[in-house]
Amino acid sequence: MRILQLHVDFVEYLPVKKEIDDAEPLLKNEKELIEDTVVILTSIENGDDETLIEDFVKETLDYLKKIKCNSVLIYPYAHLSSSLEAPKSAFKLMTQLEDALRASTDTIVVRRAPFGWTKELGIKVKGHPLSENSRAIVKKNTERQPGTLVEVVSSKSDAIDNEGSVSSALAAEKDLKSNWYVLTVEGALIPYDGYKFKKSEINLENLFKYEILRKRTVEDQPPHVKLMRKLGLADYEPASDSGNMRFYPKGRLIKSLLEQFVTKKVSQYGGLEVETPIMYDSHHPSMESYFNRFPARQYNIKSDQKDLFLRFAACFGQFLMTKDFQISYKNLPLKLYELTRYSFRREKSGELVGLRRLRAFSMPDCHAFCQDINQAKIEFLKRLDLSVSVMEEIGITPEKDLEMAIRFTKEFYTNNKEFVQNLVSKIGKPVLVEMWDDRFFYFVLKWEFNFLDNSGKASALATDQIDIENGERYGITFIDESGNKKNPIILHNSPSGAIERVIFALLEKSAKMMKEGKTPYLPLWLMNTQVRIIPVRDEFIPKCAELLDQLKTNSIRADIDDREDTLSKKIREAETEWIHYTVIIGEKEVATNSISVRDRLKKSSYSTSIDELVKLIKEPMKGKPDLPINLPEYLSKRPRIAS
RNA sequence: GGUCAUGUAGCUCAGCCUGGCAGAGCGAAGGUUUUGUAAACCUUAGGUCGCGGGUUCAAAUCCCGUCAUGACCUCCA
């Protein structure tokens, strides 16, 4: 027996005609509307009998209790299974389920829709995480599983759309089966359980464990949360919805720098920057058809008479725009880019931790519209190069810090082995492969770089997909060489992943270093203070100001600790702020016209000239954006922000 | 949504088990000190112990409810 439990705002149905001869007689033939109830779509399968009643009742009562609802509708629904029981026995068991459920409680209203009828069905499923729940209930001793309850559609319960009827995606979803492999640089596709991970491949092994076995070492709060607070970058904002963070000046500066950097890289690659609205009409035809596939994770806004939702990606904004372009094959590939600030996804409250996953996030998103699969494949490789270079320059190297996963359909792989192989050899180390027998998603292939954090959780950063569906879905067309209208293939690339998540990865990487006893740091080009200048006594502050000006002229962010504190304490604070270079100015320096530099990473201090220091800092900043310091230059003027 | 935690000064937390004067460090303000590479010293201010109810002579402490937050589970187009 298979059941799908739905917690709904309302359900309405109207029996239209008899589907089978054994259909039960109707008590009344009119539209039935029930509000705030649980609908249990139920399929009785071959071999099911009354031994399952107990489990069905228990399962139902548990679910009702969990979501605090006291009304239930048993709804005969054949489409959950391909091996149905004969109608007569199925009907009998259905009524037994109803009776048993009614007998088990006196607080819950039990209803049942008629059996054997074709019915019009209207449903509005609630938005909360538990509102959709599916189960297979099987006999105790005949089945493979020791328990009586087996999760079926464990992954995506979003196969039901939020306004209309049960979508066809449900059927496809059920058949979605993943096969897991390691694909080596040499091109061998090895089933994951037959692959021997080397010592150096511990991260890849962890990625497999995470993806397949769902294993992780349980730790408390991930370390980056403490760090983002300690460094005064970001924090939770209790007055907003969770997953919407506040960013302090230092954190905002890091974001600005990353945003500008990624945007410049994409622009150099040929991406055209555009801007699209942050909210959309839920009832626009393009939106409705999209929701039929991927519903229920967005912020909804009711404004006047309109139902709006906040965008969860830049995709549809760019697609709606491109639909109105007149495009020749000569214009392709056409690359559009937007860095969304923000995209919104109402992720379940439990999955939000620090900067790892947010409900409001900044996402660089670059779509390439291509003529055909051959052009798409060529472009796809270019974008992998772009992504690798973006990640590397940010300070997270694919080689050491990231593991690639490639996911594709069996069909695509069979026809494009060499191409897939090409991707892997560009990475130069084995990758995780997930292969699907059939295509359920809109893409035939995607890859992503995963960062493994200190709790063994994998988070995707850069990613790219080959989309063969949305060109048609959104009515995007171009005119080909022979004058025919065609739908392009669309590539979806984020060369860095969400900006906030990049910061998460940088902080987790630092935490890893601390664990290994190394000095943690953030890349110099992302530091709000690149040089801290400390006078030995107040009388040297003017000299420090001179130095500050010289550094500023060279686009170096520096500040002066002019507070009333001891030198030791100021140095200590510079250390705890992870400032790379600290300069001390006192009698000696004034007399010799030199500066004394303390290098935090090299753990050394030495005397040098300003020019040398400028060179030292400018070198790693080549090609990086240039922004002024985002706090008062004199520390005595700063409020205290970090805790 | 479930389970388990947590909520005390601006911040980090102790006190709660075993009911009896509301505590510490950091930070802030004022003063002393003028400092050479990871924390100078003194003084002062700062509290609806999340909120509501109950038990008690007496509640931060025990009980019930409620709100908020976190971790985990689940999930993650």
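The calculated FRET efficiency for A:S104 paired with A:S178, based on their beta-carbon distance and R0 = 35 Å, is about 0.40. Remark: segment A:286-413 projects, on average over all directions, an area of 11.4 nm² (convex hull of Cα atoms). Treating the angle as unsigned and between 0 and 90°, give the value, to the nearest 10°, between the Cα long axis of helix A:417-427 and the longest Cα principal axis of chain A. Between helix and principal axis, roughly 30 degrees.
Phi-derived couplings, Karplus 6.51 cos²θ - 1.76 cosθ + 1.60 at θ = phi - 60°, listed residue by residue for segment A:563-568: 6, 7, 9, 6, 4, 4 Hz, with x used for Gly and Pro. Seen against the Cα atoms of chain A and their longest principal axis, helix A:499-515 is set at about 70 degrees. Where in segment A:553-592 does the amide nitrogen come within less than 14 Å of the point 7 Å from the Cα of A:S609, taken along Cα to Cβ? Of the residues in segment A:553-592, A:592 have backbone N under 14 Å from the label point off A:S609. Among the GluC sites (Glu not before Pro) found in segment A:489-544, those both in a DSSP coil and sparsely packed, with 12 or fewer other Cβ atoms within 10 Å of their Cβ, are A:E516. I need the shape label for segment A:524-637. Rule: rounded when a/c is under 1.5, else prolate if a/b > b/c, else oblate, with a, b, c from the alpha carbon gyration tensor. The shape class here is rounded. Under the combined filter of DSSP loop state and at most 11 neighbouring Cβ atoms within 10 Å, segment A:468-574 retains these trypsin sites (Lys or Arg not before Pro): A:K518, A:R537.
Helix A:53-67 axis versus longest C-alpha principal axis of chain A: approximately 40°, rounded to the nearest ten. For chain A, the carbon plus sulfur part of the accessible surface works out to 49%, probe radius 1.4 Å. Where only DSSP H runs of four or more residues are counted, chain A gives -9000 deg cm²/dmol as its mean residue ellipticity at 222 nm, each run worth -39500 (n - 2.57). Taking every C-alpha pair closer than 8 Å and separated by at least 6 residues, the mean separation divided by the residue count of chain A gives a relative contact order of 12 percent.
Once the gyration tensor of the Cα atoms in segment A:449-552 is diagonalised, the equivalent ellipsoid follows with semi-axes of 50, 24, 8 Å, ordered largest first. Each Cα pair under 8 Å and six or more residues apart adds its separation to the average, and for segment A:508-580 the resulting relative contact order is 35 percent. In terms of the mean number of neighbouring beta-carbon atoms within 10 Å, the peptides A:339-347, A:327-335, A:303-311 order highest first as A:339-347, A:327-335, A:303-311. How large is log10 I(q)/I(0) at q = 0.06, 0.12 Å⁻¹ when the Debye formula is applied to the Cα atoms of chain A, each weighted equally and without solvent? Treating every Cα as an identical point scatterer, log10 I(q)/I(0) equals -0.44, -1.31. So which of A:K426/A:K485; A:K250/A:K588; A:K250/A:K603 end up more than 26 Å apart by C-alpha? Check vs 26 Å cut-off fails for A:K426/A:K485; A:K250/A:K588. For segment A:1-16, the residues whose amide N sits under 20 Å from a probe point set 7 Å from the Cα of A:D437 along the beta carbon direction are A:1-2.
The values are calculated or read from the model by the stated rules, or taken from the named source; none is laboratory data. None of the values given here were measured: they were computed from a predicted structure. Counting neighbours? That spans all protein chains shown, and the Cβs are built from the backbone with ideal geometry, glycine included. For the accessible areas, the whole protein counts, side chains as well, though only heavy atoms, and no ligand, DNA or RNA atoms are used. Shrake-Rupley method; radii C 1.70, N 1.55, O 1.52, S 1.80 Å.
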